[in-house]
1. Considering only residues of region A:208-234 that are at the interface with another protein chain (Cβ under 7 Å from one of its Cβ atoms) and within 16 Å of B:L24 (Cα to Cα), which is nearest to the chain's Cα centre (by Cα)?
2. What residue, of C:A86, C:A90, C:A94, is touching a residue at least 24 places away in the same chain (Cβ under 8 Å), more than 15 Å from the chain's Cα centre (by Cα) and away from chain B (no Cβ under 11 Å)?
3. Return only the number of the condition from (1) within 13 Å of the chain's Cα centre (by Cα); (2) at the interface with chain A (Cβ under 10 Å from one of its Cβ atoms) that D:F204 does not satisfy.
4. Which ones in region B:33-80 are among the small types (G, A, S) and within 14 Å of B:P137 (Cα to Cα)?
5. Going through region B:97-115 one residue at a time, which ones are in a loop (DSSP other than H, G, I, E, B), in contact with a helix residue (DSSP H, G or I) (Cβ under 7 Å, 6 or more places away or on another chain) and within 9 Å of chain A (Cβ to nearest Cβ)?
6. What tally of residues in region D:116-131 results from selecting those that are under 27 Å from C:A181 (Cα atoms) and either of a type in the set (D, E, K, R) or part of a helix (DSSP H, G or I) (or both)?
7. When residues of region D:31-53 are filtered for being aliphatic (A, V, I, L, M), part of a strand (DSSP E or B) and without any contact (Cβ under 8 Å) to a residue 40 or more places away in the chain, how many remain?
8. Looking at this structure, is B:V134 assigned to a loop (DSSP other than H, G, I, E, B) and of a type outside the set (D, E, K, R)?
Number of protein chains: 4
Amino acid sequence: MFNEDEAREKLAQLARIFAMQGMLGLFGHVSVYNPEKKRLFITPGMGSDKGQLRPEDMVPCDLDGKPQSSGRPPVEWPIHTALHAARADALAVAHLHPPHATLFTIAKREFQPVTLQGTLFSDGVPLYREAQLVTTPERGRALVKIIGDKRAALLRAHGTVVVGRNLTEVLYAALVLEDDAKKTLQAAALGEVDPLSLDQARAFNAEMDFERRAERAWNYFSSVEARWDRQPGTGRVELFP
Amino acid sequence: MFNEDEAREKLAQLARIFAMQGMLGLFGHVSVYNPEKKRLFITPGMGSDKGQLRPEDMVPCDLDGKPQSSGRPPVEWPIHTALHAARADALAVAHLHPPHATLFTIAKREFQPVTLQGTLFSDGVPLYREAQLVTTPERGRALVKIIGDKRAALLRAHGTVVVGRNLTEVLYAALVLEDDAKKTLQAAALGEVDPLSLDQARAFNAEMDFERRAERAWNYFSSVEARWDRQPGTGRVELFP
Amino acid sequence: MFNEDEAREKLAQLARIFAMQGMLGLFGHVSVYNPEKKRLFITPGMGSDKGQLRPEDMVPCDLDGKPQSSGRPPVEWPIHTALHAARADALAVAHLHPPHATLFTIAKREFQPVTLQGTLFSDGVPLYREAQLVTTPERGRALVKIIGDKRAALLRAHGTVVVGRNLTEVLYAALVLEDDAKKTLQAAALGEVDPLSLDQARAFNAEMDFERRAERAWNYFSSVEARWDRQPGTGRVELFP
Amino acid sequence: MFNEDEAREKLAQLARIFAMQGMLGLFGHVSVYNPEKKRLFITPGMGSDKGQLRPEDMVPCDLDGKPQSSGRPPVEWPIHTALHAARADALAVAHLHPPHATLFTIAKREFQPVTLQGTLFSDGVPLYREAQLVTTPERGRALVKIIGDKRAALLRAHGTVVVGRNLTEVLYAALVLEDDAKKTLQAAALGEVDPLSLDQARAFNAEMDFERRAERAWNYFSSVEARWDRQPGTGRVELFP
């Protein structure tokens, strides 16, 4: 069922897409989980250039963060192992440093979606309040508690975590969260923003085929990434510009 | 009179220009109408890469959104059919996700032009308030009512609609609306903005040759698009930077 | 003394630099004056692509805006002729649409320099208040009155005018004005800004060799322009980033 | 111990990286000190294109700013000589014009870190209040007094100074300061920001291996710089995007 070659390839691809989008930086990481073997693949830590990652660079780990090959996982591997172990719907996990969503980890303001697509996050994006990296299993478990059954969490003064049933979903959700955060920030310069209510969110999402949208976004961003010249700033594109 | 080959070519070109400008994203669309045959051409939905569209990708449809060939129209085709059917001066229609004009669909602030060119929109840009996509003929008709005889409408938490007598006009109007929205947002950081009055708008527009301006903008943006290397961020240029 | 070939070449070069910087757009223009012959060279109007201009595209005009060759001057030629005729120190004139300085023509806030270099404009940047293009000699003369002996003026809801003794000076002054405007806008998000006093400006400028600075900036921006690939967004660089 | 060839090479590389990042502009400079010979290498002044600098362009100087070869140091050499002479831990010094950190030299607001990485600057970034360039040894000594034992200082209406034990440290510290300044500015649009306390900073830094982080950042930015096409805007990348 879980095809390791495919997982490695798609994971490397997603890391390159996030790098192109300027959402990973030097220190972000993405993982995908094989629940049968209780094993994950994760992008390497150690300052590697995420825009150049190949399938063979992906690091297989067990749930204790022990690498099963020569690579080394990033120091914040407990974000991934804790979420993969705790939630059956967290088969893919990204830890990102997105330029706009991260601002909600700095300003005293709760995230509330302001766009139709953003209603994906209408049940909230909880904040992990500790001013520290998630470098131990204990901290990983604390994060799991805070995120609950939500799609994403904010890490104080630091970045975000986005989970999904697969890498396609994680890409779409992360792009939508970043877009909504950016629009909130910019619209605030015009005056008070008008967030969407939970009822509006439900009505909208009842009509939306989230999976199909996510697949199309994957196809589109993959095709842009494939022809990207690896120059920062020349590939970045927006889902809802 | 209505040349189908020309219409397909110009429509694809406009979609590529809007893609270059970052105003379409994955889900925007543009159409042009042939009132004699009551038939429109529309850019395809389904997550296609709008910066790569060719004339043969354009989808011919009737006013019920039924494709007349193998392509598929975007799900929000009723925006286009409703406007084409209702207004003789809406022979071209764009549904965009422009980064700045969209912010007026989020913030509680009415759009008012702040630049000379922006007076094109001095009679207002109405807001379609429903938090939903325009996916049915009923919603299309509701939008037609709201937009009235105006050049553009805002779609709550979503994007914009711009209409014109032809594709050249739609390009110019959409660029001006986006530019004016951007300048309003940025100028607000300096203090209160000073919108132009209806009298000033009238005096200015009495002197301006709108059509000639629009033609020159079309020529300029076409020439930039023609040499665009298809890397996001490397073609985008501004009418009034 | 006034070398026409050199003037054409340098004028075209400055227009290309301003285009690279995103300060001209489709409708800006630059001129240089020969006081002996009472004749100016001006960049062509008519929506030409300013990033591609060659010396032979420059339009020679008399002070009534009459072209002395086959080209056509921009409709706002009276900005240039009025200033060249009235001020011996206005041998070069640029009419720009710079993204940030233009915001001071929209917001109700007087321009005051906030950077050391910006003290070049410590005696103020007056505002031409009419909401119209400067398309007649009368309006040109009104602008001359308003600008007085200053280096620059703001045109309501529209753009800027920068004058200098030569094109090198105009480049430097225009870059500094734009940089200072941008920094004011951005710093305002952090709190109240702290403009430099007239005394501080005088002390700073007494130490500065403005001409040498301007020459170095010219050399630097020329060299960047010479290797520019003509893709919008790939050449733009900042004097004081 | 101090390898002159290596120092020249690494200094030129750092200047090119800062140029790529848009943090130097035409007038910034970087130096590295050899305490045994009381001699520094500094990037040349005179408006050179910092993105093209080679090791042989580096200017050797004594502590009186006298060049030991044919090159010429920048006019603000006293920033470097004063710091190298006064502090054993200031073996590398950068004077930058970074777009966001510079805003803290304009707005009346003290710098306080808002990100985990930014706690590097938790003991403050003092402001040199004089509205002048640091062109004399006296001004250099005044700056030394103001900066004390801190990692960085702000220069009123002008730019920043960042010191480190080596060039690797200076790169990392300068990138972090700029990132934190940018995030403060942007987050302020969302509401009040929540700076990290001194206790939080200490706890975080006790866990962090600053040197290793700095080395990885150096490797990453070097590799991006090595493949940079020298077009402004096409190389710039962020540490924590």
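The values are calculated or read from the model by the stated rules, or taken from the named source; none is laboratory data. Because the structure is a prediction, the values reported are computed rather than measured. We place every Cβ from the backbone using ideal geometry, glycine too, and count neighbours over all the protein chains shown.
1. Going through the qualifying residues, I end up with A:A217.
2. Values: C:A90 fails: more than 15 Å from the chain's Cα centre (by Cα); C:A94 fails: more than 15 Å from the chain's Cα centre (by Cα).
Unique residue meeting the criteria: C:A86.
3. Of (1) within 13 Å of the chain's Cα centre (by Cα); (2) at the interface with chain A (Cβ under 10 Å from one of its Cβ atoms), only one is false for D:F204: (1).
4. Scanning region B:33-80 gives a single hit, B:G65.
5. Of everything in region B:97-115, those that are in a loop (DSSP other than H, G, I, E, B), in contact with a helix residue (DSSP H, G or I) (Cβ under 7 Å, 6 or more places away or on another chain) and within 9 Å of chain A (Cβ to nearest Cβ) turn out to be B:P98, B:H100, B:I106.
6. Keep residues of region D:116-131 that are under 27 Å from C:A181 (Cα atoms), which gives D:125-131.
Right, trim to either of a type in the set (D, E, K, R) or part of a helix (DSSP H, G or I) (or both) and you get D:129-130.
Selection size over region D:116-131: 2.
7. The qualifying residues number 1.
8. yes
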